[in-house]
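The values are calculated or read from the model by the stated rules, or taken from the named source; none is laboratory data. What you see is a predicted model, and the numbers here were worked out from it, not measured in a lab. Cβ: placed from backbone, ideal geometry, glycine included. Neighbour counts: every protein chain shown.
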Amino acid sequence: MEVAGMEGVHQDVDDITVDFLKLIIEKDTGEEEIDVKDFHVERATEAGENFATIVYRIQASYICSCDGLRTNREAVYIGKFLPVQPKHRETLQQIHLFEREVVVYNDLIQTMINLQKEKLRREDILMPDVPRCIYANDESTPIAAVIMEDLCGKGFRLADKYQGLQPDEVRLLMKAYGQFHALGVLVDRHTEFSSRPIFCENALEKLPEFGDMLRNGLEIVWKVLENISGQEENARRVTNYIKRVDGGRDRFFQLIGAKGRLQTFIHGDCWCNNMMFRYDPDTRAPVGIRILDLQDVAYGNPCRDLLEFLYCSTSKETRKETPAFFKLYYDTLVATAQSLGITLEYSYQDFQKDVEEREEFGFLMAMLGIPRSNLFSEL
């Protein structure tokens, strides 16, 4: 086995074996009697990019026996693995991020699909815009990992996080979230998933440093504004806010816990590093989207998703189109729910009220984003 790109990383991938890859390829392709010739593993993300898990790209060469013929084939996957560093692994397990993503892929996403087949007898299954998962397991036997399709090989890439999402990208995301949230309502109407503790808890509540992170973000903004001519009034407003909410920790969780007028399953980690887009090669317009990192999926009000990415991943110029973005989201949500046999008692006015009551949450998420970039920076 060859491990490329980083020295000393072999300990992270010792569990990736020929037998394990044989299992993955057979699950993925349905092929039998395959013979893995060799494979290559490299880091798919760089240290310091704020990913809680270790992410690898795995390339395998194998021989498939079909109709008496032996054919050479290639397979490429993206794998997420628990960090080997004891402190990081303990933190991840304490807040159940890895476990939650496994549950989402194995249970929630699969139920979204199965309910359409079994309850609705649909042939045209509406698939959520998430990567196709081949294997998800949080136990050490045979290996704790989430193995997914390689989206880069299908033309998907991350948006420019320094530029922020552009209007065409936001419109795709609005449709994707409208469909995902409607599928979440479908699951909620037919199962007891919403009562599962893993979907009700918030991982950040278990991080003792969270309150300091949020306060630090607010104070950084206050100090920056204080030193910009003409921003004295905004600096004063921020420092008054810090005092009024005592750093913001309790207020943050109060906003998360507010149910609002609609409850469903939400992404919960909506910023531009957690989505990939496919672009038309000629026009460069975005034509496809996949929502990544389902480790914070929760049961809550869908406006949390919308406000987080608008505050954390868009420019002031893009946000000028927010009313049109929200209308597109709402229309997609309602139309998708109707196609699933669900009538939502959730008017556009109800939606607007939910947004208004949670705008402060979007602001706090933006403040949290300032110091949290260092939370997993050593991974």
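With respect to being under 19 Å from the mean Cα position of the chain (by Cα) and in contact (Cβ under 8 Å) with a residue 24 or more places away in the chain, residue 147 fits the description. Do the conditions hold for residue 261, that is, is it surrounded by fewer than 18 Cβ atoms within 10 Å (Cβ to Cβ), touching a helix residue (DSSP H, G or I) at 6+ places or on another chain (Cβ under 8 Å) and under 21 Å from residue 182 (Cβ atoms)? Yes.
Of the helices (runs of 4 or more DSSP H) lying entirely inside segment 232-349, the ones with 1 or more residues being of a type in the set (S, T, N, Q) and in contact (Cβ under 8 Å) with a residue 40 or more places away in the chain are found at 303-313, 316-319, 322-339.
The sole residue among 214, 172 that is in contact with a Gly (Cβ under 7 Å, 6 or more places away or on another chain), assigned to a helix (DSSP H, G or I) and buried (at least 17 other Cβ atoms within 10 Å of the Cβ) is 214.
Before we move on, is residue 309 over 18 Å from residue 185 (Cα atoms), aromatic (Phe, Trp, Tyr) and buried (at least 20 other Cβ atoms within 10 Å of the Cβ)? I'd like the intermediate steps shown before the answer.
Working: over 18 Å from residue 185 (Cα atoms): yes; aromatic (Phe, Trp, Tyr): yes; buried (at least 20 other Cβ atoms within 10 Å of the Cβ): yes.
Judged against the criteria, residue 309 is a match.
Taking segment 65-88 as the range and being out of contact with any Asp or Glu (no Cβ under 9 Å at 6 or more places or on another chain), modelled with pLDDT of 80 or more and not β-branched (Val, Ile, Thr) as the test, the residues that pass are 69, 72, 74, 79.
Looking for whichever is within 29 Å of residue 187 (Cα to Cα) and either part of a helix (DSSP H, G or I) or not hydroxyl-bearing (Ser, Thr, Tyr) (or both) here; the options are 102, 84. Which one fits? Steps first, answer last, please.
On the way: 84 fails: within 29 Å of residue 187 (Cα to Cα).
Going through 102, 84 in turn, just one is within 29 Å of residue 187 (Cα to Cα) and either part of a helix (DSSP H, G or I) or not hydroxyl-bearing (Ser, Thr, Tyr) (or both): 102.
Kindly establish whether residue 361 is buried (at least 19 other Cβ atoms within 10 Å of the Cβ), over 20 Å from the mean Cα position of the chain (by Cα) and aromatic (Phe, Trp, Tyr). Write out each step before concluding.
On the way: buried (at least 19 other Cβ atoms within 10 Å of the Cβ): yes; over 20 Å from the mean Cα position of the chain (by Cα): no; aromatic (Phe, Trp, Tyr): yes.
It is false that residue 361 is buried (at least 19 other Cβ atoms within 10 Å of the Cβ), over 20 Å from the mean Cα position of the chain (by Cα) and aromatic (Phe, Trp, Tyr).
In segment 74-96, the residues that are under 22 Å from residue 133 (Cβ atoms) and hydroxyl-bearing (Ser, Thr, Tyr) reach residues that are in a helix (DSSP H, G or I) and at pLDDT 80 or above with C-beta atoms within less than 8 angstrom, at least six apart or across chains, in these pairs: 77/24; 77/28.
Scanning segment 122-162 for residues that are part of a loop (DSSP other than H, G, I, E, B) and either farther than 25 Å from residue 175 by Cβ or in contact with a Cys (Cβ under 9 Å, 6 or more places away or on another chain) (or both) gives 138, 139, 140, 141, 142, 143, 144, 159, 160, 161.
Among the residues of segment 320-333, is there at least one that is out of contact with any Gly (no Cβ under 9 Å at 6 or more places or on another chain), modelled with pLDDT of 95 or more and among the basic types (Lys, Arg)?
yes
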